[in-house]
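> I'd like to ask some things about the structure below.
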There are 4 protein chains.
Amino acid sequence: MTLEDLAARQRAFAEARAWGPFHTPKNLVMALSAEVGELTELFQWLTPDEATSAPQDPAARARIEDELADVLLYLTRLADVLGVDLIAAAHAKIDRNETRFPPNIGRAALDR
Amino acid sequence: MTLEDLAARQRAFAEARAWGPFHTPKNLVMALSAEVGELTELFQWLTPDEATSAPQDPAARARIEDELADVLLYLTRLADVLGVDLIAAAHAKIDRNETRFPPNIGRAALDR
Amino acid sequence: MTLEDLAARQRAFAEARAWGPFHTPKNLVMALSAEVGELTELFQWLTPDEATSAPQDPAARARIEDELADVLLYLTRLADVLGVDLIAAAHAKIDRNETRFPPNIGRAALDR
Amino acid sequence: MTLEDLAARQRAFAEARAWGPFHTPKNLVMALSAEVGELTELFQWLTPDEATSAPQDPAARARIEDELADVLLYLTRLADVLGVDLIAAAHAKIDRNETRFPPNIGRAALDR
């Protein structure tokens, strides 16, 4: 399944529920932000090691997958409403990052 | 291009820069959250109408595509590090949403 | 009651529950971010007019006050752990903003 | 200086710049969220130990104080626009938390 299929499925889902008027860019940015908050909540009190091993616990994994899915769903819907090709934009960004951050730049790039 | 291709490209990008130790789940959740903050900043002072027409301005569109790309890149990287299949998780979530929110439920579902 | 009183009360609250090891700067930044996500969720589907009148509804007001409180509590706790005087920092920032944004600059300042 | 003084100063600041129409609840929630994103960015790649010692470096401390200030400023402005007494709401929330989380509940409370 591709991201285009996912966007099409969400578009149909929103249309069937007459949610178009609510799915404005500002509202969807807020919904995306709220879902990232729910994802953050799953990890906030974990030690780094606990966070790394969290997906090994089936119940924790289910919650993580659920929140990651919500983030992707609102991101895809927002991009669709704005008419942006997410995958193309992401590859264009990596192209630029390859110039900005030469291999072996190491941590320096992270401390800008 | 698929999301799997994108994840593979990012994995290679991170490995070439020895960024593995920094790409922990907690750090990537924070980076994802910071990028959503940058996306939010682009829309925060716009009226709903201005937000809807923002992609028609080439400079605004470039900034929006850039921030949407950053959000997708960190989301894809986080899912890869956690071993989660994002597209499968998203479709599973829509499957559940189709039961939770029957067609024509309208706004009620949004006000829970 | 001052912000210092609030910080002192939270410090005692955390100590009584042995939460010190969890209240690291990174964890508290994540908790703050998650709480802002919950606040965002309250407003995301409202029209601008509905958002403005939301505090007139007692149940909505209670939810808003609860989430604003959580944001302030984690912000105060984070500043306390980092040894930052929040009120002084805020006034220093307004001092700088008075230079950066002269009166009557209007919207231009918001579009940077 | 109290939070009320800070709110009054921001209100005057916004009025002098005719920013009232932009300072709607939804816009201010977005601005608050974007500022928390900037704060998050300062900590995202730091190890827990680096994050704890960050305020000892004067340049890092200045950036942290600046972002904490921005978060407090938008939070105070948002509460003012909504007519909410932040300090009272925060104490009411701690009152409830003292019932929800008895002393020595320890980590259990964090894992709900």
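The values are calculated or read from the model by the stated rules, or taken from the named source; none is laboratory data. Fair warning: this is a prediction, and the values are worked out from it, not measured in the lab. We place every Cβ from the backbone using ideal geometry, glycine too, and count neighbours over all the protein chains shown.
> Please tell me if B:D70 is within 13 Å of chain D (Cβ to nearest Cβ), among the charged types (D, E, K, R) and under 30 Å from D:T47 (Cα atoms).
Taking the combined requirement at face value, the residue satisfies it.
> Next question, about the same structure. State which residue pairs qualify: first residue under 25 Å from D:G20 (Cα atoms) and inside the stretch D:75-104, second residue surrounded by fewer than 20 Cβ atoms within 10 Å (Cβ to Cβ) and of a type in the set (D, E) in any location, beta carbons under 8 Å apart, and separation of 6 or more residues or different chains.
D:A79/D:D85; D:A89/C:D66
> Has the stretch A:5-13 got at least one residue that is within 7 Å of another protein chain (Cβ to nearest Cβ), farther than 19 Å from B:R77 by Cα, assigned to a loop (DSSP other than H, G, I, E, B) and touching a helix residue (DSSP H, G or I) at 6+ places or on another chain (Cβ under 7 Å)?
The answer is no, given that none of the residues of the stretch A:5-13 is within 7 Å of another protein chain (Cβ to nearest Cβ), farther than 19 Å from B:R77 by Cα, assigned to a loop (DSSP other than H, G, I, E, B) and touching a helix residue (DSSP H, G or I) at 6+ places or on another chain (Cβ under 7 Å).
> Among all residue pairs at least 6 apart or on different chains, which show Cβ distances below 8 Å where the first residue, located in the stretch A:29-56, is closer than 19 Å to B:T24 by Cβ and the second is of a type in the set (K, R)?
A:L42/A:R63; A:F43/B:K26; A:W45/D:R107; A:L46/B:K26; A:P48/B:K26; A:A51/B:K26; A:A54/A:R61; A:P55/A:R61
> Further question on the same structure: Specify the residue that is farthest from B:L32 (Cα to Cα); the eligible residues are those in the stretch B:79-91 that are more than 7 Å from chain A (Cβ to nearest Cβ) and surrounded by 13 or more Cβ atoms within 10 Å (Cβ to Cβ).
So the residue we want is B:D85.
> Here's another thing I want to ask about it. Looking at the stretch A:52-103 only, could you name the residues that are outside any helix (DSSP H, G or I) and either modelled with pLDDT of 95 or more or among the acidic types (D, E) (or both)?
Across the stretch A:52-103, the qualifying residues are A:D57, A:G83, A:V84, A:D85.
> Next question, about the same structure. Determine which single condition B:T47 fails, assuming it passes every other condition in (1) within 11 Å of chain D (Cβ to nearest Cβ); (2) β-branched (V, I, T); (3) buried (at least 16 other Cβ atoms within 10 Å of the Cβ).
(3)
> Name the residue that is nearest to C:L46 (Cα to Cα), counting only residues in the stretch D:14-48 that are outside any helix (DSSP H, G or I) and of a type in the set (A, V, I, L, M, F, W, C).
My answer is D:W19.
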